[in-house]
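Comments concern the structure below.
The values are calculated or read from the model by the stated rules, or taken from the named source; none is laboratory data. Just so we're clear, the structure is a prediction, and the values are computed from it rather than from any experiment. Note that we place each Cβ from the backbone using ideal geometry, even for glycine, and neighbour counts take in every protein chain shown. For the accessible areas, the whole protein counts, side chains as well, though only heavy atoms, and no ligand, DNA or RNA atoms are used. Shrake-Rupley method; radii C 1.70, N 1.55, O 1.52, S 1.80 Å.
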Amino acid sequence: MSTTETNANIAATTTFGKVPTDHMFIAEYKNGKWNEGTLTRFQHISLSPFALCFHYGQTVFEGMKAFRMKDGQVNVFRPLKNFERMNLSLERMCMPPLSEELFMHGVSEMVKADKKFIDEDEESSLYIRPLVIATEERIGVKVSDEYLFIVMCSPAKKYFANPIKVKVETEFTRAAEGGTGFAKCGGNYGAAYYPTHLAHLQGYDQVIWTDGQNHEYMEESGTMNVIFVVDGTLITPALSGTILEGITRDSILTLARKNGMKVEERRVSVKEIQDAFESGKKVEACGVGTVAVVAPIEQIDINGKKYTPFTGDNSQMAKMKRQLLEIRLGIQKDENGWNYMVK
Ligand code: COI
């Protein structure tokens with residue numbers, strides 16, 4: 001099945017991550033320990049078809065971005081949060097943890113080597129993709145004894161060309177209680193392809209996932225967390241174990257609280273959001289994630305009815321998106337110590 005591109009928005013996203021930069025960082029896990037890793041030219045790797053990663057889904061990844069600041073320095077945004085999340089994912093997938101030293105060494109080496117790929121324009125960044133895969137050669141279903149940790153990069157620009165159209169998904173499920181929803185493991189993404197493909201065919205950019213039990217509560221928007229602003233109050237699904245602990249999500253919530261907004265992290269029912277639209281409340285809706293940053297939702301389909309959230313430069317979410325960008329670019333003070341400077 002091919003990915004059907006039904007609109008220009010989706011076409012824009014398909015260019016993301018196509019081009020590697022010049023280098024990669026690679027470390028090996030064997031005999032119970034990671035080696036120190038090395039920076040090499042970007043190259044293909046050779047694996048046996050027996051390698052366990054091809055069969056049973058022991059793959060975990062991360063995503064973060066490096067930015068060029070107005071004074072020319074380069075920073076990585078909150079990489080230690082990605083490090084912590086990667087180890088949570090690795091633990092859930094029975095894979096060996098990385099040391100902070102190895103993770104940060106890989107990331108820093110890559111940014112130092114390939115920072116020239118960050119363009120001058122404000123929306124440009126270097127997307128950094130750490131990956132751990134099971135490499136032991138074995139067809140049997142077992143936890144691998146061997147792994148590779150690879151850090152690769154790709155230049156990134158704006159992910160969605162325009163505000164997005166989504167539908168609240170009430171048939172398929174992304175994650176169930178006790179499952180791997182909180183982990184950034186490959187299987188979560190592969191399992192989302194089919195429902196997302198169907199949504200594309202219907203003209204939507206993404207789905208908003210709902211809980212696996214009764215499809216009553218909002219979970220995530222495609223590959224992003226979802227945030228609503230209803231009459232000035234920011235409302236977002238709480239971290240329940242079924243959604244990813246998004247770093248952009250956390251950053252926006254921090255900014256909102258600092259800006260004096262009321263912030264509610266809790267269960268958000270589909271009905272509550274539909275009622276808010278029906279009763280004429282001012283509703284903003286956005287997907288937030290590393291790649292898309294803050295993606296405004298301009299149309300949301302709930303139970304077959306289409307609603308139009310408030311978007312545009314005057315929305316609260318657009319203002320916080322700008323604030324986040326200015327912190328990353330060094331235009332606003334980084335009061336939270338989020339920018340990790342790469343020397
Ligand atoms: C992110 O934005 O953090 C993502 O993981 C999206 C990626 C899977 C393309």
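Structure notes:
- Qualifying position, being at pLDDT 95 or above, of a type in the set (Lys, Arg), touching a helix residue (DSSP H, G or I) at 6+ places or on another chain (Cβ under 6 Å) and within 13 Å of the ligand (Cβ to nearest atom), among Lys184, Lys167: Lys184
- Of everything in the stretch 26-75 that is touching a helix residue (DSSP H, G or I) at 6+ places or on another chain (Cβ under 6 Å) and β-branched (Val, Ile, Thr), the residue that is farthest from the ligand (Cβ to nearest atom) is Val74.
- The strands (runs of 3 or more DSSP E) falling completely within the stretch 161-266 that include 1 or more residues that are in contact with a Lys or Arg (Cβ under 8 Å, 6 or more places away or on another chain) map to 206-210, 218-221, 224-230, 233-237, 263-266.
- Single unsatisfied condition, Val132 versus (1) in contact (Cβ under 8 Å) with a residue 60 or more places away in the chain; (2) farther than 21 Å from Pro296 by Cα; (3) surrounded by fewer than 21 Cβ atoms within 10 Å (Cβ to Cβ); (4) more than 14 Å from the ligand (Cβ to nearest atom): (3)
- Criterion (closer than 22 Å to Thr21 by Cβ and buried (at least 22 other Cβ atoms within 10 Å of the Cβ)) met by exactly one of Val74, Val60: Val60
- Of all residues in the stretch 191-207 being open to solvent by less than 40 Å² (accessible area, probe 1.4 Å) and within 13 Å of the ligand (Cβ to nearest atom), the one that is farthest from the chain's Cα centre (by Cα): Thr196
- Looking across the stretch 131-164 at every residue that is among the aromatic types (Phe, Trp, Tyr) and at pLDDT 95 or above, the one that is nearest to Gly32 (Cα to Cα) is identified as Tyr147.
- From Thr180, Thr173, Thr210, residue being within 30 Å of His105 (Cα to Cα), of a type in the set (S, T, N, Q), assigned by TED's automatic domain parsing to the domain that holds Arg267 and surrounded by 16 or more Cβ atoms within 10 Å (Cβ to Cβ): Thr180
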